[in-house]
1. Take the alpha carbon gyration tensor of chain A, find the square roots of its eigenvalues, order them as a ≥ b ≥ c, and report rounded if a/c is under 1.5; if not, report prolate when a/b exceeds b/c, else oblate.
2. GNM, chain C, Cα, under 10 Å: largest mean-square fluctuation among C:THR84, C:THR221, C:THR243?
3. Describe numerically, in nm with one decimal, the distance between label points set 7 Å from Cα along Cα→Cβ at B:ASP114 and at C:VAL165.
4. Taking a spot 7 Å from the Cα of A:GLU257 along the direction of its beta carbon, which residues of the range A:214-243 have an amide N less than 11 Å from it?
5. Relative contact order for chain A: what is it in percent, counting Cα pairs under 8 Å that are at least 6 residues apart?
6. Of the residues B:LEU51, B:LEU30, B:LEU22, which exhibits the maximal mean-square fluctuation in a Gaussian network model of chain B defined by a 10 Å Cα contact cut-off?
7. Given a Förster distance of 22 Å, report the FRET efficiency between A:THR230 and A:SER349 from their Cβ-Cβ distance, rounded to the nearest 0.05.
8. Run the simple label-point estimate for C:ASP211 and C:ASP59 please: 7 Å along Cα→C-beta, distance reported in nm.
Amino acid sequence: MSTDTTGVAAPGTPPTEVAPTQVCASTPMGYGSMRRKEDARFIRGQGRYLDDIALPGMLHGAVLRSPFAHAKIVSIDTSAAEAHPKVKAVITGETLAGLGLAWMPTLSHDVQAVLATDKVRFQGQEVAFVVAEDRYSARDALALIEVDYEPLDAVIDARKALDEGAPVIRDDLDGRTDNHIFDWEAGDSAATDDVFANADVVASCDMLYPRVHPAPMETCGSIASMDPVTGKLTVYTTTQAPHAHRTIYALVAGLPEHKIQVISPDIGGGFGNKVGIYPGYVCAVVGTIVTGAPVKWVEDRSENLMATSFARDYHMHGEIASTKDGKLLGVRVKVLADHGAFNGTAQPSKMPAGLFHVFSGSYDMAAAHCAVTGVYTNKAPGGVAYACSFRITEAVYLIERLVDVLAHDQGWDPAELRMKNLLKPEQFPYTTALGWEYDSGDYPTTLQKALDIAGYAELRREQAAKRERGELMGIGIAFFTEAVGAGPRRTMDILGLGMADGAELRVHPTGKAVLRLSCMSQGQGHVTTFAQIVAEELGISPDDIEVVQGDTDQTPFGLGTYGSRSTPVSGAATAIVARKVRERAKIVAAAMLEVSPDDLEWEKGRFHVAGDPSASAAIADIAMAAHSDLELPEGVEGHLDATCVYNPPNLTYPCGAYICVVDVDKGTGQASVRRFIAVDDCGVRINPMIVEGQVHGGLADGVGMALMQLMAFDSDGNHLGASFMDYLLPTAMECPSWELGETVTPSPHHPIGAKGVGESATVGSPPAVVNAVLDAIGVRHADMPLTPAHVWRAMRGEPIRTDLAIG
Amino acid sequence: MQITVTVNGTAHTREVEPRLLLVHFLRDELRLTGTHWGCDTSNCGVCVVQLDGQPVKSCTVLAVMADGREVRTVEGLARGAELDPIQQGFSDKHGLQCGFCTPGMMMTCRALLDRNPDPSDTEIRVAISGQICRCTGYENIVRSVHAAAEIERAAQEVHQ
Amino acid sequence: MQVPAQFDYERATGVAHAIALLTRYGPESRLVAGGHSLIPMMKLRIANPETLIDINDLDELKGISIASADGADALRIGAMVRHTELLESPLAVEHFPILVDAERVIADPVVRNRGTIGGSLCQADPSEDLSAAFTALHAVAVIEGADGRREVSAREFHTGPYQTVVGDAEILVEVRVPIRPGSGSAYEKVERRVGDWAVAAGGAALWLDADTITEVGIGLTAVGAEHFCAAQAEDYLRGGPVTEERFVEAGRIAAEHVRPTADQRGPEDYKRHLAGELTTRALRRAAARAQHGTEA
């Protein structure tokens, strides 16, 4: 690491009064709002997404899925499908078992069926795979496969999963007699109990963070192509983590890693849906091996919603303790975590509840404790996905709801209660009762800014006046602390792979550059942002820096993009690799100018001799010289390039204060979001326009989850949100014009002081919306989503259980 | 059966199955992959193209139903190197992130501006209310359409 | 992506041709207009017609106009009229704002560009909006078959969920709404999100002579109202004065007689509540429009 990596100066941070989406007239030499480089393709329809790829001779796969949530497979007859003139292969669990591929490891120390052999364990589970000449024929052939099922009782209500006599879902596992997966605790139980025993006030609440789905507009898919001559397997796939996929394919299929190339083309949104490896991907690989032709499999929307990576499903009992004058003392929570039929949550391996244990939130609290129990149910596997920062969504929802419940019980103003208990700037770095070291933040200023933008006092006056007239409006506040940029290798790994990421930078002789990254954009604008980081460090225009990502043959190893980790990890790697190049450039410049490197000073884009700005070398000239016959000091290699693997010393801790204003129709229960104020602090902003866009998208998620997104199940285990007719995502009509603000407290340990922001708004916004609706109707608690029916029922004191069918 | 569909000004004649969806005709037969698909139920709108000038969801139109008609897709927006103002607006105002809904959004908004050169925020939001974007929270799409309208107004003034 | 099973396709050139094709291909053939109800069901392979008969070229089924017969005027809406056309129709705005209210909340603008009035009515989804609106308006459906045309009241058009009186070899050609003076109408819908099917919705039409309700129509959808109609509430109101109390009571009566079923849009009690609430609201707005014009 070069000597100047600890600087946290933010030279490119624009003044806050500049409207962030106002792009600079010309490309900035570093940070600032600039148009995205990738957009030139996208706006012309020249994106290249998975389903846009057509390889010569390519075949098409389709998956036959279980109509039952729990059933024994008695027999499968594929003969009619195989007789279809356009069908090339029909693969069943039996076929895979012969290859040792019927089961695959999950990211959470469990196994998952690729194609069911013994029984099906959730509706939509993969049972057979057809490979045909075209996608229509593949679909036709599915109808020709006869499966004889013997239905079994299903475990649908997670709260009954551990009941005596409950059907055992995972009888494939040796000795398994119940549906228990794990118990896990964090925090000091005794100290927390002690705080609660002595507290003046305790408020408790049962709450469900329901099962939701990331539902990117592009579904998941894969094209596998095995070259029969070289034995090289190329997998084009919608993955946020190409390198992790390659390693897992190597481990699962026993293929040599150097003979596997994983290519992630443009991704039409990921949000955590495209982290894991799904059975369809494995089937496509088997399909190409069996047929000798490339095989494409792309899930349809129902398959996406039913089978791949749901998120959340946390049944929580939370308690919060305070003094009688509102000083928060402690928080404790018991969680029942519904992991579905296979434990396939995707998070740091040592943390079965992810980073949920940041649930003491943004407050100075003496004690905190959680106990999490994971259970199997007859539902799809998943749980950690959807911009959740490894379950910080659930944690923030818990604490921000509890604070409001306490305020509700005591008649306290929720803004005042929060302000009184927020961590103070001088307390950073702050070690929480649960062991996290928050790096930096100015929480009171952030909240105050949001209150000011909202005009909080005036809103409360308006609310009171409306109540007089019998009209309902509500104001909801949430303050969140995120923990992103996983993570330090000693504590965080996935399948034993440490969560470090690489970057490689090469400056060409003409002074243009190529940066290669292990992370993978799904719309976050890496091609632009990462070029700007290099530009800031080296003074090469972002327009002259190519950013390469998504191809394992072209990029360094690393774990990819999720958990808001790209800027905290790969961004740091990029800054460091650029600084390494700058160090080399300094030696070359010294040779060019015939001075000692110590006599050189850096100004963006050139070195000059101290005290003589006219004696200078620009980066482009240095690049040419580095590749030329210029004699360099002994031991100094030519050319201008460097590599870096960044192992984060800590997570970064963005924060934000969100205020939501809703109106509720008393007669119908319809809630509409009138205003939403979001003040985010993600440290130094590289491209403020992109940061703002990231926040916008997450705020829409909050409106969606709080008001409409839901996948419930009936008692037979039928999925009741299996299409976009039933799983509702917010449109432009439900979203207000977002009102944003910012504070900037750089991360002290990150090379450029940046923190992640991709998931902040998804994490922070749901409790703000829920708090607002409940504030409007004067109800202590009701679970998401607050649909009109649910709001109406909540007003009558009969809230609906939102994870089960409405009966 | 044989159909002829004029796409972005060029007539294409193909032999197709009656069940072929227009979106697949465009993507698979003509290799115009700028038009995407995102659901099966005509709820998401990433497949929107213009059929005889009107935005429609091409996942719910049979290719044979477009026989003899005119289709315009995202590939037909720019004139050579010159972007359509709607494309410029989306680029200037960060109206896209992953880019997947963008072609459909632009085709709808292009049609909106053709009818209404100065739409209000609400008119824009209504126009795109049958289309889902998971990235932008819609705010910058609204700004993009305003920006496009402004570009067109400025161009008109130059002409006059 | 889900795709339909194979089928044959015919493009009809006129109503008579369409009827001939229906006759030739029999009950396994289906008409396709906008296709926005049928094609998704075909993708799901819930609907598997052997032959699709495309009626998009049938100009005689297009257009919105005033038809006069026997000295009485009616608004004539062709079966192939797209939802967008009805939404933007000045005649609809002038005579029956309930149709504009309803169209504004049917599906979304892009679907409305393609979906047709006839398609929506013939799909006969029990949550469909126009069925309620036309019920409120005492509209008449005109159906044509090989033997000529017949007229059926909108209230008798549906024989059950997804079922209508239109025969296998018949075609809905238009809907007629009688125009009489003193009318006001409105439509109210609760949906979980823009573009969703109704949790519950209701429309009301009133014909006033001064302050007396000479005729009334109340249509309800998604709540299990028989024939989409709140007949008992209509009976209660007919002949009496316009008062807030009576509109509330009419809502109560309407709620009493619906038979909603619980689903993910809401429990039975909530839908029943909405049937009443929306009936009252629609009546209120319909009365205001009758008394003060459509801006009300």
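Please treat every number below as a calculation from the coordinates, not as lab data. Nothing here was measured: the structure is a model prediction, and the numbers come from that model. Positions of Cβ are backbone-derived with ideal geometry, glycine not excepted, and every protein chain shown enters the neighbour counts.
1. Details: a/c = 1.85, a/b = 1.09, b/c = 1.69.
Oblate is the answer for chain A, as a/c is 1.5 or above yet b/c matches or exceeds a/b.
2. Of C:THR84, C:THR221, C:THR243, the most mobile in the Gaussian network model is C:THR243.
3. Taking the two extended label points, one gets 4.1 nm.
4. It comes to A:243, nothing else.
5. Rounded, it is 17 percent for chain A.
6. Highest fluctuation among the options: B:LEU30.
7. Working: r = 34 Å, r/R0 = 1.52.
Calculated value: 0.05.
8. 5.3
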